[in-house]
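Accompanying notes for the structure given below.
The values are calculated or read from the model by the stated rules, or taken from the named source; none is laboratory data. Values in this document were obtained by computation on a predicted structure and should not be read as measured data. Here Cβ is always computed from backbone atoms with ideal geometry, including for glycine, and neighbour counts include all displayed protein chains.
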Amino acid sequence: MKKSFLIFAVLCACGLNAFAQFTFIHLSDMHVSSIPFEESDTNAQYFHCYIEEFANLAPKPAFVAVSGDVSNVGNLSPDGMYPVITQYLFPPTQTNPGIGDYFIDSAKTIPIYFVPGNHEYWVALVNPPVSNDTLTYYKKFLIPDEDYAINNDIAVIVFLRSGSDSTITASNKKGRGLSNEQIAYLRDVLRRHKDKRKIIVMHHPAVNAVGTNSDGTPFTGVINSPEDCSIASNRTTFLNICDSNHVDVVLDGHEHQNVVANRAGQVISENGIDSTRYVQTAAGFNRSYRIITVDASHVTVSPPLRSCLGTGVNEINDPTGISVFPNPAKDNITIVCKRPTLIEILDIEGQVIRSLTTDEIHEVVNVSGLQGGIYIIRAYTGSGIVIRKLVKQ
């Protein structure tokens with residue numbers, strides 16, 4: 001791998017309040033395409049849906065972090081299909097763009113940052129896939145093929161390349177992992193920012209565990225150990241670095257599921273322990289993402305969110321048929337479901353602020369006392385957990 005470099009990018013243009021607190025979006029696995037693969041360029045429409053919504057969130061996110069598999073076949077001639085996604089960014093498709101050159105809003109206040117996933121290296125979508133180790137189109141159309149970091153007064157966010165495919169079987173899809181040079185780079189960055197909150201963004205999960213699909217149903221993939229679908233090289237060293245440097249969270253994707261685990265592979269809550277949390281976010285092409293809130297004392301990880309409100313792309317159906325309207329809301333919301341269920345309203349930090357059990361098809365809930373912002377509607381059903389997002393004006 002090429003020699004890594006560090007970008008000292010202060011997020012002063014992102015509307016942060018004296019660097020006391022900021023939020024950002026974690027998105028992964030968009031798998032955009034410009035030809036009719038099984039995951040077609042409908043995924044780019046979902047991406048367009050997302051960034052329009054992200055740009056209008058309150059509070060406004062400081063940036064968007066995308067942890068790999070932007071393209072479905074990133075080394076496919078002539079452009080790796082990256083213009084399918086960059087057409088919706090500002091400015092549109094560039095040649096050899098730098099880190100932080102793309103924004104999700106026309107005012108260019110919300111940058112979007114990327115790391116490559118294993119699909120970035122693919123040349124053809126066959127079984128097993130054909131790939132190489134040169135990111136020709138990724139660096140031409142998206143971002144340089146380098147590790148980098150951004151930081152402000154309270155946090156440092158490190159973006160690491162976890163490599164092309166190392167092992168591909170039906171149950172285990174490891175990345176090549178981190179080189180010794182990358183390990184030295186990571187240690188240096190964390191040492192330089194030892195008194196800040198520490199976040200790492202990469203594609204392959206350093207720790208794997210069984211979680212849930214985007215729609216809240218149980219994940220049915222085979223995971224035999226915390227190492228499955230992880231990184232082949234320097235995994236234990238990476239975990240030790242996270243421990244010794246008090247890294248708050250590692251954000252990744254790859255498995256297309258939502259789960260948070262500790263180092264041992266035990267499933268934990270998003271904000272439940274005082275050690276590194278290994279956070280997977282399900283695929284963006286299934287409308288999944290998380291909001292991360294950072295202040296000087298803690299990094300708060302939201303439950304998984306899944307919606308594209310007001311942009312013309314409908315939410316995937318679920319067994320409850322649950323819907324929430326109006327959304328955004330001011331005073332009352334109506335929750336509609338097909339069967340009795342337990343419903344909870346949570347704040348963005350995952351704290352339950354209201355719960356109800358409904359036997360009604362329509363349940364009217366007064367939300368006038370809630371502060372403006374983002375809330376989560378979580379419905380427990382016989383087949384899993386369904387998530388909806390509520391925007392309170």
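Does Glu255 satisfy the criteria of being under 18 Å from Ala209 (Cβ atoms), outside any strand (DSSP E or B), touching a residue at least 60 places away in the same chain (Cβ under 8 Å) and not small (Gly, Ala, Ser)? Please lay out each step first, then the result.
Numbers: under 18 Å from Ala209 (Cβ atoms): yes; outside any strand (DSSP E or B): yes; touching a residue at least 60 places away in the same chain (Cβ under 8 Å): no; not small (Gly, Ala, Ser): yes.
Taking the combined requirement at face value, the residue does not satisfy it.
Do you know which residues across segment 31-49 are surrounded by fewer than 22 Cβ atoms within 10 Å (Cβ to Cβ) and either part of a loop (DSSP other than H, G, I, E, B) or modelled with pLDDT of 80 or more (or both)?
So the first thing to find is which residues in segment 31-49 are surrounded by fewer than 22 Cβ atoms within 10 Å (Cβ to Cβ), and the list is 34-42, 45-46, 48-49.
Listed by number, the residues that qualify are Ser34, Ile35, Pro36, Phe37, Glu38, Glu39, Ser40, Asp41, Gln45, Tyr46, His48, Cys49.
Can you tell which of Asp274, Asp243 is assigned to a loop (DSSP other than H, G, I, E, B), out of contact with any Gly (no Cβ under 8 Å at 6 or more places or on another chain) and not basic (Lys, Arg)?
Details: Asp243 fails: assigned to a loop (DSSP other than H, G, I, E, B).
Going through Asp274, Asp243 in turn, just one is assigned to a loop (DSSP other than H, G, I, E, B), out of contact with any Gly (no Cβ under 8 Å at 6 or more places or on another chain) and not basic (Lys, Arg): Asp274.
Hey, any hits in segment 147-159 for a residue that's part of a helix (DSSP H, G or I) and out of contact with any helix residue (DSSP H, G or I) (no Cβ under 9 Å at 6 or more places or on another chain)? Reasoning before the result, please.
Step one: of segment 147-159, the residues part of a helix (DSSP H, G or I) are none.
No, that holds for no residue.
Among the candidates Asn234, Asn240, which residue alone is at pLDDT 95 or above and on the phi > 0 side of the Ramachandran plot?
That would be Asn234, the only listed residue that is at pLDDT 95 or above and on the phi > 0 side of the Ramachandran plot.
For residues in segment 68-90 being in a loop (DSSP other than H, G, I, E, B) and out of contact with any strand residue (DSSP E or B) (no Cβ under 8 Å at 6 or more places or on another chain), which is farthest from Asp133 (Cα to Cα)?
First, pick out the residues of segment 68-90 that are in a loop (DSSP other than H, G, I, E, B): 68-70, 72-82, 87-89.
In the following step, the residues that additionally are out of contact with any strand residue (DSSP E or B) (no Cβ under 8 Å at 6 or more places or on another chain) were identified as 69, 77-79, 87-88.
On the way: Asp69: 15, Ser77: 15, Pro78: 17, Asp79: 16, Gln87: 26, Tyr88: 27 Å.
Taking the candidates together, the pick is Tyr88.
Look at Pro97 and say whether it is more than 29 Å from Arg197 (Cα to Cα), out of contact with any Asp or Glu (no Cβ under 8 Å at 6 or more places or on another chain) and assigned to a loop (DSSP other than H, G, I, E, B). Before you say what the answer is, go through the steps one by one.
Numbers: more than 29 Å from Arg197 (Cα to Cα): no; out of contact with any Asp or Glu (no Cβ under 8 Å at 6 or more places or on another chain): yes; assigned to a loop (DSSP other than H, G, I, E, B): yes.
Judged against the criteria, Pro97 is not a match.
Just to verify a result, which residue in segment 210-235, among those that are outside any loop (DSSP other than H, G, I, E, B) and touching a residue at least 60 places away in the same chain (Cβ under 8 Å), is surrounded by the most Cβ atoms within 10 Å (Cβ to Cβ)?
Top of the filtered list is Ile231.
Scan segment 280-298 for residues that are within 10 Å of Asp248 (Cβ to Cβ) and modelled with pLDDT of 95 or more and jot them down. Don't jump to the end; show me each part of the working.
Of segment 280-298, the ones within 10 Å of Asp248 (Cβ to Cβ) are 292, 294, 298.
Ile292, Val294 - these are the residues of segment 280-298 that are within 10 Å of Asp248 (Cβ to Cβ) and modelled with pLDDT of 95 or more.
Scan segment 87-123 residue by residue and report those that are on the phi > 0 side of the Ramachandran plot and within 20 Å of the chain's Cα centre (by Cα).
Initially, segment 87-123 is screened for residues on the phi > 0 side of the Ramachandran plot, giving 96, 100, 108.
Correct list: Gly100 only.
Is it true that Lys173 is modelled with pLDDT under 95, of a type in the set (Lys, Arg) and in the same structural domain as Tyr138 (by TED's automatic domain parsing)? Talk me through it step by step, then tell me what you get.
Details: modelled with pLDDT under 95: yes; of a type in the set (Lys, Arg): yes; in the same structural domain as Tyr138 (by TED's automatic domain parsing): yes.
So Lys173 passes the test.
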